[in-house]
Each structure stands twice: as C-alpha cells, then as structure tokens.
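Single-structure report; data block below.
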C-alpha cells in the first residue's frame, strides 16, 4: 500500500508543474478569448476627446440626440471629469438647444447657482463651494468651481430664452442656505399670520445649524411646518402667492424621511410638472451610482427609478459613466487609513480608488489600458451592433480585496448596455484640487 502510494506521489511531484500549466491554460484561454472579443470591439468604437479642443463626438448620432435625459457620471474627486462635464454639456447644447442642468445639489443651492449664472456675482458661487469644502465633501473642489465659471461665460453667449437653468434635485444639504432662501422668499408675504407661522426661521438663521442638536431641532420644526402647510394648502397658496411652491418644496425636503434616491426622483417629478418641462431636454452630471439605469447591489438609483417610472421620458435616457485609470483623486483625509493620510490637510491626494487600483477593480477595465495613451480621454460606444457589452456586466460590476463598499453587483438578467450605453476612459487625471487652502485646522 505504502509502495503504491509512493509511486503515485513521485509521479504527481514530477508532473505537477505540467498539470498546473495545462489547468491554467484551460481556465485562461476562455478568458483570453473573451477579453479579445471586447478588445477587438472597443478598438473599432473609440474616439478621442480633447479638453478645450474642437471635438466632433461622431458617436453622438441622431438616435443619441433623440434622448431627453442625458447623464454623465463620475467617481468624485478627479479633475478631468469636471472638464468633460463642460465639454459634453456644451456639445449637446449646441446640437439640441438643451438648457436644463439637473444637479446633485438641493433646491436652495440651485437657486443661488442660477442667480450666479445670471449675474456673475461670484460670492454666490463661493458660498456654495465653501459649504462643501467645510463639510469635507468631494464636491468642494477647485475643478468644479472653475467649471461653473466656464459655464457662466458660456451662458453669456446664449440668446435670451436659451440660457442655462439649474434644477437642484437632491435632498436638503446646506440647512443655513435653506433658511436664508426661505427668509428671502417670505419677505414678499404681506399677511402677518403667515409671517408668524415662520417666526422661528429668524431664530434658526442666527444658528450655525452645525451640531446634531441644532439640526434635530430645526428638522423637527420643519416637519411641523410641513404638516401645517399640507393641511392648509389653499390658505398658504393664497398668502404666499408665487412663492408658495418654492417655500413648500424647501420645507418638505428638509422634513422628508425618504431615502436619498426616492427623494431625488420625487423632486425631479415635482419640478418637471411644476415648471411644465414637457419635451425639454435635460442633462445631469452625477456620481456614478445615481446615473445607473437599473439596480446595483439590489438598490435602485435615480436613473433606474426614472426609467421604471411612468414619466414620458422613461425610455429616452442615455448614460455615460467616466472611468479613471492611473489617476489621482481628492479624498477627505479623515476618511483614509493613517498610513495613507497627508497630515495636516482637509483632503489628501491619492491614487487608491482608481478603477484599476489595488483597492478595487472594475470588471473588464484592463481591456482599455493598452488602447489609450497617457494623459488622454476617450469615449467608447458600447451599444453598437454585435457589441459584447450587450451580454454580461463588464464595466458595471466591480470587486474589492479591501473594502466591500466598493463591490458592485448588477442584475444578472441584464447586460451592461441596460445600465449605460457609452463609457469614457480617462488616463492620468490630476485630483480635482481643494476649493480652500487645505489646512486641516481651518476646515471646520
């Protein structure tokens, strides 16, 4: 028995390297063939984008422009996506007259952003970015601030009636700014009983609304006020006149207990009907998750909710996510592990969360590495005839060895092109750069 086992053991020892090689070939060849089919396809469906250049966007054909809602999405914190946002918005505006910009901000921030786009008063823009910077949010970046300055300049070239209009779809963010706008809107109310209903706003306007107790008190107040307004709609409409909708919308968002994506779709629906947008074309620049057209990790994003709604544009949505390779992102320093922190800063410059990083990998992203040169941006059309992206979930799903929150799992009954129809690959983007001086002691 021992002798027989020894013979087999000796055979396995000698042949194991060969068997291992054969096994690896069996496993690897189908993957290589699969990657080859993707590589062959994307080589034929790519177009370079020159930031600030004269781009033709030849992949944006007649069918593309027939869509009503155009989403471009990113992982926050990179410079190039902010620049691409401007380039693509400008392109669609020139081709279709699109003017509605759907923003990942709240109603009050959008109100002052629209004022900035009209007046050029940079203090309005500064107040929005200062809040994000103070909150250590990746939106608080210089690249985003500079983008809006370019959009302002571009807006000045548009004729009357064709100017850019920002719609803020997110739940309440900057509570102090919400209070400020409410007080402005209520100045037109002549009826004293109405003003008395909002008396407490003056008290809250003197607070920073920064700590949990202050926020909790204010939100409780907003919920009582929201209930009162909903119970006395006719009266408040009569007394607040043209400002009723804006006041009620702000109060309701502060009071809302809905999860974020539900708030966003509800806000979109409300604004769409209130402003009678009809067939108006709309464009949005959002975090990548929000722009996916179906469920990710069993959660339905804004674009997915829109696609499954009964709204008239539900079948006229296109999504273009941006993926960054070998790039640097602006990450809140306090969120990073100690060894990755740049001490004394609000934000750290890091390559940890690239789509091809050691933290996580987007499935199928490696196909693009050999197809684009350094410091470049390319757009790829994924839904052309015979596209391999019409099967499987390459570029949608991702895996992580270190952080489960980076793992994406899609609906296995669907394909990548059910989620998005184009992709932009960016190589060697710089970080978006902090809006402020980036000194930690001045961040709060």
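Results, tabulated for the structure shown:
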read-out: Modelled label reach - residue 414, point 7 Å along Cα→Cβ, region 300-342 residues with backbone N closer than 19 Å; value: 300-323
read-out: Distance between modelled label sites at residue 126 and residue 402, nm, 7 Å Cα→Cβ extension; value: 3.8 nm
read-out: Highest to lowest packing among 292-298, 273-279, scored as the average C-beta count within 10 Å; value: 292-298, 273-279
read-out: Fluctuation leader among 140, 171, 120 - the chain, Gaussian network, Cα springs under 10 angstrom; value: 120
read-out: Cα gyration tensor category, rounded, prolate or oblate, for region 351-404 with a/c compared to 1.5; value: oblate
read-out: Structure-based [θ]222 nm, the chain - -39500 (n - 2.57) summed over DSSP H runs of at least 4, per residue, nearest 500; value: -14000 deg cm²/dmol
read-out: Reduced Cα scattering model of the chain, Debye log10 I(q)/I(0), q = 0.09, 0.10, 0.14 Å⁻¹; value: -0.65, -0.78, -1.42
read-out: Burial order of peptide ranges 206-212, 78-84, 156-162 (average beta-carbon count within 10 Å, highest first); value: 78-84, 206-212, 156-162
read-out: For region 174-255: Kirkwood Rh in Å [reciprocal of mean 1/r, alpha carbons]; value: 12.7 Å
read-out: Among 391-399, 108-116, the order from most to least packed when residues are scored by Cβ within 10 Å on average; value: 108-116, 391-399
read-out: Segment residue 375-residue 428, extension gain: residue separation times 0.36 nm, minus the distance between their alpha carbons; value: 18.6 nm
read-out: Debye log10 I(q)/I(0) at q = 0.21, 0.28 Å⁻¹ for region 391-444, Cα point scatterers; value: -0.90, -1.07
read-out: Acute angle (nearest 10 degrees) that the helix 175-186 long axis makes with the longest principal axis of the chain, alpha-carbon atoms; value: 30 degrees
read-out: Gyration tensor verdict on region 87-165 (Cα atoms; rounded if a/c is under 1.5, prolate if a/b is larger than b/c, oblate otherwise); value: prolate
read-out: Cα-based helix-to-principal-axis angle, 212-231 vs the chain, degrees rounded to 10; value: 60 degrees
read-out: FRET E, pair residue 45, residue 184, Förster distance 51 Å, beta-carbon r, rounded to 0.05; value: 0.55
read-out: Extension reserve of the residue 340-residue 391 stretch, reckoned as 0.36 nm per residue once the Cα distance is removed; value: 14.6 nm
read-out: The chain: angle of helix 122-134 to the longest principal axis, Cα-based, in degrees nearest 10; value: 50 degrees
read-out: Of 98, 169, 124, the one that fluctuates the most in a GNM where the chain has Cα springs shorter than 10 Å; value: 124
read-out: Antiparallel bridge percentage (DSSP; both residues within the chain; nearest 5); value: 50 percent
read-out: Potential extension, residue 363-residue 299 segment - 0.36 nm per residue separation minus Cα distance; value: 21.1 nm
read-out: Per principal axis, descending, Cα span of region 312-396 in whole Å; value: 51, 38, 23
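Every number here is computed from the coordinates shown, using simple stated rules; none is lab data. These numbers were taken from a predicted model, which means no experiment stands behind them. Cβ sites come from the backbone with ideal geometry, for glycine too, and all protein chains shown count toward neighbours.
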